[in-house]
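Peer 1: Below are the structure tokens for one structure; questions will follow.
The values are calculated or read from the model by the stated rules, or taken from the named source; none is laboratory data. These numbers were taken from a predicted model, which means no experiment stands behind them. Virtual Cβ from ideal backbone geometry, glycine too; neighbours counted across all protein chains shown.
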Amino acid sequence: MNLVKKSNSGNLFPSLMEEFFRPDWLSNTQQFSQVMVPPVNIRETETAFEVELSAPARKKEDFTIDVDNDMLTIASEYKSEHTTEQGRYTRREFSHGSFRRSFTLPETVNEEAISASYENGILRISLPKKEEALPKPKRAIEIQ
């Protein structure tokens, strides 16, 4: 008669529970929530501020961009549902998500000339500067 020691290595559930209840589980949860808010790059040029927001697998109709009281707000909400019926089985997959990012605009932005485009998963927003904020050309001062 052989005795075999039982091993839990093939049982997935205990390892998931150990993973979930380990001491740093909260930090992993925070990392997950950060993934839900898309990253943003903001660049200033001589004539404008350029905002790039990475949001792949979206359509331009999924976004709303508002300017109110010197506050630029970018929001998106999407819902997806897919149902497959095969024989006696039905598989239904759905996902949804949303985010909202707000930025205080500097006084130098011309709010009337803001424009946006969405291409290849990148939302680009151009925030042109007001005429008085643009750099003045170099000029020579004549000595009298």
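Peer 1: May I ask you to list the residues in segment 101-119 that are surrounded by 11 or more Cβ atoms within 10 Å (Cβ to Cβ) and in a strand (DSSP E or B)?
Peer 2: Matches in segment 101-119: Arg101, Ser102, Phe103, Val109, Ser115, Ala116, Tyr118.
Peer 1: Run down Pro135, Pro128, Pro38, Pro56 and say which single residue is outside any strand (DSSP E or B) and surrounded by 10 or more Cβ atoms within 10 Å (Cβ to Cβ).
Peer 2: Pro38
Peer 1: Of a type in the set (S, T, N, Q), without any contact (Cβ under 8 Å) to a residue 24 or more places away in the chain and surrounded by fewer than 14 Cβ atoms within 10 Å (Cβ to Cβ), is that true of Ser98?
Peer 2: Criteria met by Ser98.
Peer 1: Still on this structure, I have one more. List every residue pair whose Cβ atoms sit under 7 Å apart, with the two residues 6 or more apart in sequence or on different chains, where the first one lies in segment 72-84 and is modelled with pLDDT under 90 and the second, anywhere, is of a type in the set (Asp, Glu).
Peer 2: Sorted first by the residue in segment 72-84, then by its partner, the pairs are Glu77/Asp62; Tyr78/Asp62; His82/Glu93.
Peer 1: Hey, another quick one. Would you pick out the residues in segment 51-70 that are under 15 Å from the mean Cα position of the chain (by Cα) and closer than 14 Å to Gly121 by Cα?
Peer 2: Of everything in segment 51-70, those that are under 15 Å from the mean Cα position of the chain (by Cα) and closer than 14 Å to Gly121 by Cα turn out to be Val51, Glu52, Leu53, Ser54, Ala55, Pro56, Ala57, Arg58, Lys59, Lys60, Asp62, Phe63.
Peer 1: How about segment 59-95: which of its residues are surrounded by 13 or more Cβ atoms within 10 Å (Cβ to Cβ) and not in a strand (DSSP E or B)?
Peer 2: Asp62
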